[in-house]
Structure formats: structure tokens, C-alpha cells
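Input: a single structure, listed below in C-alpha cells.
The values are calculated or read from the model by the stated rules, or taken from the named source; none is laboratory data. Because the structure is a prediction, the values reported are computed rather than measured. Cβ atoms come from the backbone with ideal geometry, glycine included; neighbour counts cover every protein chain shown. Ligands, DNA and RNA are stripped out before the accessible areas are found, and what is left, the full protein with its side chains, is counted by its heavy atoms. Shrake-Rupley method; radii C 1.70, N 1.55, O 1.52, S 1.80 Å.
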Amino acid sequence: MAGTSSVDAPEGLLRRLFDRAVEVADPMQSLHRALPPRPDGRLVVIGAGKASARMAEAVEQDYGLCEGLVITRYGYARPCQGIEIVEAAHPVPDAAGMNATARMLDLVGTLGKDDMVLALISGGASALLVQPAGAITLEEKQAVNQGLLASGAPIGQMNVVRKHLSRVKGGQLAAAACPARMLTLMISDVPGDDPAMIGSGPTVGDASTPDDARAILERYDINVPHSVRDVLEGQSGVVAPDDPRLSNVENVIYAAPSQSLEAAARIARDAGLNVRILGDALEGEARELASDHAALALELKAALTPDDAPVLLLSGGELTVTRRGDGVGGPNAEYALAMAIALDGASGIHAIACDTDGVDGAAEVAGAIIGPETLTKATKAECSPETALSRNDAHGFFETIGDQVVTGPTLTNVNDFRAILILPER
């Protein structure tokens, strides 16, 4: 059968699929087709997110020298000719992000109707664009962010709260640039590719209310200071979708998880695998989805005959972890650990789970690879997978057994990538 030799090294194949998913979302490879001809008159480039500096680099590759200001994560800066790149903290915001955001608002506030703004937004922008509403301090905003991250709340609900505690999210950045024209180019890292949810939608109107934000905080039992309650009981700055200040704004998603999954699928099909894409927008608790996927993999494995092609299950989306312990983990590593436990050493089943931005949770690790030997390795290393899972210490577990996937900054972000390879017995 065509391509069987590639499955002789399952871990290598899985890593190639992940690398391809990242490659096709690299702005230097993908942004050109979304750029219009350089406009006449003044052009200001702004942006925020883990991929934003790479996006700015790609813009100047096409347009040449540009003016502007982009905020990215520490370690994610890229060389640009004229666009200033500022690094700040993610996922918990810091003063560098707050100061740069204030400067960005001042910059777009000087523009007129004959000027144009090119906004570059990718995942991570929500933490990097920081301008707390009301009397909320940076420290209080940081505490709310940490509470949301530990709560297990889906990203969409976290972003609703963030919008109503901000002076820049939920369309407010675009409103500040009015009457200038604005084109926003986005890389989607959210389930469903909703532009209003990417980076908390700084250039996209939103119909949510402060009541919605309060309900989310109550649902996940997140304690907040008086300043936050005061803001949520007052008039929100979030801009409605039909606000006239947004009439000159165009928002375009040019790279999305579905494109990366399909690129990986093409490699797998060329290698002779039977590919099933389970979805690019899966959400939920990482360990629970891992258990479901393990059960599906075991079922498919049992039905394979020696003459069948290997099966590959692909999925994307954004999983969550409800923090129960004091370990170092992230949703992809926790998914991989929970799957290894559920598979219990089953032969012929291998998997990879990684974040395409190279950062799983708060760790500088993309994710992990598992296979039939995962639990045996743990036993030899005297490392209990069940204890690691109970402590949310998946990164510690995979570091111990040597099965972490470490990429460094990938300079893009189309969310989680998961692949399960199921081999027939030969």
C-alpha cells in the first residue's frame, strides 16, 4: 500500500502532520493573498496577538516601509522596517501591554477620514491589549484573568467578561480610529471562527451585556473586587454591531484551524491513511474529551483487519482545564495524559496534542506525543500518570518521560491540533 513506510515511524509522522498544520498558518506563507494593493494616503498598521509581529513582518514584505505599532508576546518579536514591535505578557497582562495599548489608542485617535488602518489580530490579543475600564487597576485585571484561566470557562465566555472590563475590546479599538477606514486581518484561534471572539474582538461590534459578564463570573464562582462590580453595574463601552462608528470597518479571517487540519489531512492521505476529521471547533474539558476519543480509537482499532489502511483522526478547537492541583499543565498535555491512561497501553494507537502557537497553557511547551509505551516509560521513571493528572501536572509528567513537543515560538496561532493514529495489526 502506498505510504506504508511512513507509518513505520508513527511519532515522526504525527510530528510532520503538526508541523505542516503550523506551516500553512505562518503569516509569511499565508498573509499575502489577503492583502489589498497598498492604499494611497496615510496607512497605519496596528495589531496584537502571538502572531501579530510575524503578520507585520509579512505586511512589510509586500508593502515595504510602514508606520505603526504592534503588541506581541515576550519572545515573539520580529524585525520590521518601520512598524514598532512591543513585547508584553501573556496570558496574564502586564504594564508593558497596558502602556503600549494606550499609545496605540493615541495613534489611531489622530487619524482622519482619508487615512487607513490595517489591523492585525491573532490569538493572544485579549491579554496583550490592556486598558482597564473604570477604576480597575492592572493588578485587579490580572487577578480576574487568573481566575478566569483557572475556572475551566470556555474561551468565548472568558472573552465576554474581558470585553466589558476593557476600554479597547469589543469594537472599542475600531471606534477609536473612526472616521478612518479600517481593514482587520485575523488569524482565528477560536471555535467557530467568530471574529468577535478572536482576541476579544477589538475591531468587532458585540451584542453582549454587562449582565452576561456578571452571570459568567457567578457561574464559575470567580471573586472580583468592588471596582469590577462597579464597572459591570454601569454603562459598558462595548460597541454594538450596528454602531455607525463601525460602518467603515471590514473584518476578514484569512487563516483558520480548518485550513491547517486539511493541510495535515492531505499529507496523511498521500501516505495511504484513512482520514477522519472530527471537527475544528471542539470544546470541553480536556480529560473528558480525551476519554471519549480513546474509546472511539479503541472501537475503530477493534474493527480493523490486517489488510485495512491505518486510520487517522484529526481534530481542533480549544479545550479547557479546571485547575484542581498545583502542577504545571495545559489542555493539550492534559488531553494526551488522560488519553494515555484511558488507552492503558493499547497496541497500535499513537497520538499527538499540541497548541499551534507553541505554548500549551502557561508553559513554553507545545504539547505531547503518546503511544503504547507511554505508561511503560512512566513505570520505569517511577512517575504515576494518575497522580500527575490529579495534580494537573501533565507537563511535568511528559518532561519526566521525555515525550514533550517543544517548538519555541511558532509565530502563528490556529489553536489546538490533535491527531490519533490507529494502526491495524500486521
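Structure summary
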| item | result |
| --- | --- |
| Enumeration of residues in the stretch 129-162 that are under 18 Å from D189 (Cα atoms) and part of a loop (DSSP other than H, G, I, E, B) | L129, G152, A153, P154 |
| Options D212, D193: the member that is out of contact with any Leu (no Cβ under 6 Å at 6 or more places or on another chain) and assigned to a helix (DSSP H, G or I) | D212 |
| Qualifying residue in the stretch 381-392 (condition: at negative phi, of a type outside the set (D, E, K, R) and modelled with pLDDT under 95) | no |
| Those residues of the stretch 365-416 which are in a strand (DSSP E or B) and open to solvent by less than 30 Å² (accessible area, probe 1.4 Å), in sequence order | G367, A368, I369, I370, V405, D416 |
| Residue match in the stretch 102-111 (condition: free of Cβ contacts under 8 Å to residues at least 40 places away in the same chain, more than 19 Å from G358 (Cβ to Cβ) and among the basic types (K, R)) | yes |
| Scope the stretch 122-147; condition surrounded by fewer than 24 Cβ atoms within 10 Å (Cβ to Cβ) and on the phi > 0 side of the Ramachandran plot; matching residues | G134 |
| Tally, over the stretch 165-189, of residues that are within 27 Å of L282 (Cβ to Cβ) and either part of a helix (DSSP H, G or I) or open to solvent by 10 Å² or more (accessible area, probe 1.4 Å) (or both) | 1 |
| Wholly enclosed strands (runs of 3 or more DSSP E) of the stretch 263-364 bearing at least 1 residues open to solvent by 40 Å² or more (accessible area, probe 1.4 Å), of a type outside the set (G, A, S) and at pLDDT below 95 | 274-285, 311-320 |
| Output for the stretch 227-237, where each listed residue is surrounded by fewer than 20 Cβ atoms within 10 Å (Cβ to Cβ) and in a helix (DSSP H, G or I) | S227, R229, D230 |
| Top-ranked residue in the stretch 65-83 [being in contact (Cβ under 8 Å) with a residue 24 or more places away in the chain and surrounded by fewer than 18 Cβ atoms within 10 Å (Cβ to Cβ); ranked as nearest to G408 (Cα to Cα)] | G75 |
| Matching residues, the stretch 385-402, being within 15 Å of V328 (Cα to Cα) and of a type in the set (G, A, S) | A388, S390, A394, G396 |
| Qualifying residues in the stretch 238-262 (those that are buried (at least 17 other Cβ atoms within 10 Å of the Cβ) and of a type in the set (G, A, S)) - the one farthest from G205 (Cα to Cα) | S260 |
